[in-house]
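Here's the structure, in structure tokens; my notes come after.
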Amino acid sequence: MEALQKPSNATDVKKTESGPAEVSGGVPEPISPYDRPDPDEIYRQDKQDAIDVRKDMLREAKDQIIHDKQSDKKRTVTDKISGVVTIGKTTVKAVAAQGHSVVEGAVRGAQAAKEQKMFNRAFKDLSGKEDVKASYHCKFVDGSEDTHSGDWFITDKSIAFVGAKIKERIPYDLLASFEPVGSPVRVHLYTTDKRVWQLIEVGANCPGHNDEPPYSVALTWLDHMWRRKTTVPNPAATYSTS
């Protein structure tokens, strides 16, 4: 069983019988804003970059064809064959890149639909009212240091946890701050009622995060969504002064 970790800036953590641990004193102040785009914006930029690369490849192949036609009489049979092979390789690379982009888009779309369906099933009264941005499988460490496996959802309006023994939703106006803590990293999510939700073993439900740890991608999402929906620092929170 993993030991309960003390928040980095708060004065103390109290054990509770169930639910999240309680924080004595103030909760940690919000960390600095993430200065990178949210994952959707990064994906859109990567997709546009891939389109630009394909265009450059096809333009290169076209220019090569025009050049070969203009100098055709001066070229040997070997040169001509070499040129055709080069053009073919360039075209194949461009088509392959396009195919990869289409497949990746389809995978992302299918996963997004699955995540939305899971959220809607857990919170039926919110079906069609919240847009799930990402979900992560993880373990929630409650106030008695027991762990509960489930999924962590990040939507445009809240964060939520769903598992066999837990179903909780926290609107962004009740979120005071968050931070990654320790090694291995666990995510601490502090609420305005001085509780800390501790998440461990955060893993991506959807592939495609490259080499970045899933918890880091999750916190990027959370930072963007949270700051769009509420005032930061949260005026309803009591922050530590240390």
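For the stretch 143-158, backbone nitrogen atoms closer than 14 Å to the point 7 Å from R108 Cα along Cα-to-C-beta are found at no residue. For the stretch 176-242, the pair-distance distribution built from all alpha carbon pairs, in bins 10 Å wide starting at 0, is 18, 47, 29, 6 percent. One decimal place: the segment N120-Y34 gains 28.1 nm when fully extended, by the rule 0.36 nm per residue minus the C-alpha distance. Label-to-label distance, D131 versus K157, with points set 7 angstrom from Cα along the beta-carbon direction: 1.3 nm. I'd like the accessible area for W226: 1.4 Å probe, protein heavy atoms, all chains in place, Å² to the nearest 10. About 0 Å², ignoring ligands and nucleic acids.
The values are calculated or read from the model by the stated rules, or taken from the named source; none is laboratory data. The shown structure was predicted, so the numbers you read here are calculated from the model rather than taken from an experiment. So basically every Cβ, Gly included, is an ideal-geometry build from the backbone, and we count neighbours across all protein chains shown. Each accessible area value is taken on the protein alone, full model and side chains, heavy atoms only, with ligands, DNA and RNA left out. Shrake-Rupley method; radii C 1.70, N 1.55, O 1.52, S 1.80 Å.
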